[in-house]
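> After the C-alpha cells below, expect a handful of questions from me.
The values are calculated or read from the model by the stated rules, or taken from the named source; none is laboratory data. Being a predicted model, the structure only gives us computed values, none of them experimental. Backbone-built Cβ (ideal geometry, glycine too); neighbour counts: all protein chains shown.
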Amino acid sequence: MDLFDAMRDRRSIRGFTDAPVSRALMEEVLAAANMAPSSMNTQPWHFHVLSGEVLENVRKGNSERMLAGVEPSREIMAHGAYEGVHRDRQVGIAKQLFAAMGIAREDKVMRQDWVMRGFRQFDAPVSVVVTYDKVLDEHGPIAVFDAGAAVYGLVLAAWAKGLGAVINGQGIMQSPVVRECADIPEDQVILTCVALGWPDEEFAANDVKATRREVSENCSFQGFDADGAGRRTPRSEAAE
C-alpha cells in the first residue's frame, strides 16, 4: 500500500470481527512502528500486546470499576474539558458516530453502551498498551511526543496490513487494573492503548471518517519566493 494512500484512507475502527490476529502479524506491524524517530534516539516506548484471557481480565476490571463509580486513574495528566474550537471538533466527531449508529441524543441507554464499548477496548481481539520509560519524565513531555510518533506508525502499519485500529484512552482509564493484569513494570508509565483487529464491515461507525482542516487553515509558509519556490540562501551570501 502506498504511504500517502494509507495516511489518507486510514480511519479509526471501533467494530471488529471475532477473527484472531496472529502474533507473527503483530510482530511485523510492531517492527514497523519501532522505526519511529525519537529524541536523541532514546526510543522510550514499550508495547504490551494483550489478547485472550489477559485482555478479558483487563476489560472486566476496567468496566466493573467504571460502573461502580471508581474515579478514573490514569497515569498521565487528564485532558479535562475542552473549550472553543477543540470542543466543537470533539462534539462533531461524536455527532458523526452517534448518527452512524442511530443513537439519539435522548437515548441514555445506548449512549452509555457506547461509552462502555470504549472501556472494553471496543471488544477488539488485541489491545496494545503503550508505555514509556518513567525516568524520562524529568526531561519534560518529549517521551510522550516520541511515543505518539510510534503509535501513529503502529496504526498506519496495521492499516497497511488490512487491520483496523483505534487509539483508545478509555481502555486504560483504570490503569492499576491494566498494570496488574498485563504485568507492566513499575518503571514504565501507562500512556494509552490501541484496540486492534479485523474490521467488521457491518459495523456502521467504521465508515465514519473525521473531518480534517485544510493545509491553508493550519500551516504557514515563510521565506518562499512569490511563485512558491523554496529558496536556500547560498552560504557566501548569508555570510555578507
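> Which condition number in (1) modelled with pLDDT under 95; (2) in contact with a helix residue (DSSP H, G or I) (Cβ under 6 Å, 6 or more places away or on another chain); (3) more than 21 Å from E64 (Cα to Cα) is the one that W159 fails?
(1)
> Can you tell me which of A32, A78, A100, A36 is of a type in the set (G, A, S), closer than 20 Å to Q188 by Cα and either touching a residue at least 12 places away in the same chain (Cβ under 8 Å) or assigned to a strand (DSSP E or B) (or both)?
A36
> Can you pull out every residue in region 121-132 that is assigned to a helix (DSSP H, G or I) and over 12 Å from the mean Cα position of the chain (by Cα)?
Residues satisfying the conditions are F122, D123.
> Report whether or not F47 is in contact with a helix residue (DSSP H, G or I) (Cβ under 8 Å, 6 or more places away or on another chain), within 21 Å of G148 (Cα to Cα) and in contact (Cβ under 8 Å) with a residue 24 or more places away in the chain.
Working: in contact with a helix residue (DSSP H, G or I) (Cβ under 8 Å, 6 or more places away or on another chain): yes; within 21 Å of G148 (Cα to Cα): yes; in contact (Cβ under 8 Å) with a residue 24 or more places away in the chain: yes.
When the stated conditions are applied, F47 passes them.
> Scan region 64-89 for residues that are polar (S, T, N, Q) and loosely packed, with under 14 Cβ neighbours inside 10 Å and report the count.
Residues that pass the stated criteria total 0.
> Turning to a different aspect of this structure: Only one of these is aliphatic (A, V, I, L, M), at pLDDT 95 or above, farther than 23 Å from V58 by Cβ and exposed (fewer than 13 other Cβ atoms within 10 Å of the Cβ): V135, V215. Name it. It would help to see each step written out before you state the result.
Working: V215 fails: at pLDDT 95 or above.
Unique residue meeting the criteria: V135.
> Same structure again: Could you go through region 93-115 and let me know if any residue there is surrounded by fewer than 21 Cβ atoms within 10 Å (Cβ to Cβ), touching a strand residue (DSSP E or B) at 6+ places or on another chain (Cβ under 9 Å) and of a type in the set (F, W, Y). So that I can check it myself, show each step before the final result.
So the first thing to find is which residues in region 93-115 are surrounded by fewer than 21 Cβ atoms within 10 Å (Cβ to Cβ), and the list is 93-115.
Narrowing the set further to residues that are touching a strand residue (DSSP E or B) at 6+ places or on another chain (Cβ under 9 Å) leaves none.
No: region 93-115 contains no residue that is surrounded by fewer than 21 Cβ atoms within 10 Å (Cβ to Cβ), touching a strand residue (DSSP E or B) at 6+ places or on another chain (Cβ under 9 Å) and of a type in the set (F, W, Y).
> I've got another one for you. Can you tell me which of I184, I172 is surrounded by 14 or more Cβ atoms within 10 Å (Cβ to Cβ), closer than 30 Å to F98 by Cα and of a type in the set (A, V, I, L, M)?
Going through I184, I172 in turn, just one is surrounded by 14 or more Cβ atoms within 10 Å (Cβ to Cβ), closer than 30 Å to F98 by Cα and of a type in the set (A, V, I, L, M): I172.
> Among the residues that make up region 18-31, is at least one of them of a type in the set (D, E, K, R), at pLDDT below 95 and either under 30 Å from R212 (Cα atoms) or touching a helix residue (DSSP H, G or I) at 6+ places or on another chain (Cβ under 7 Å) (or both)?
no
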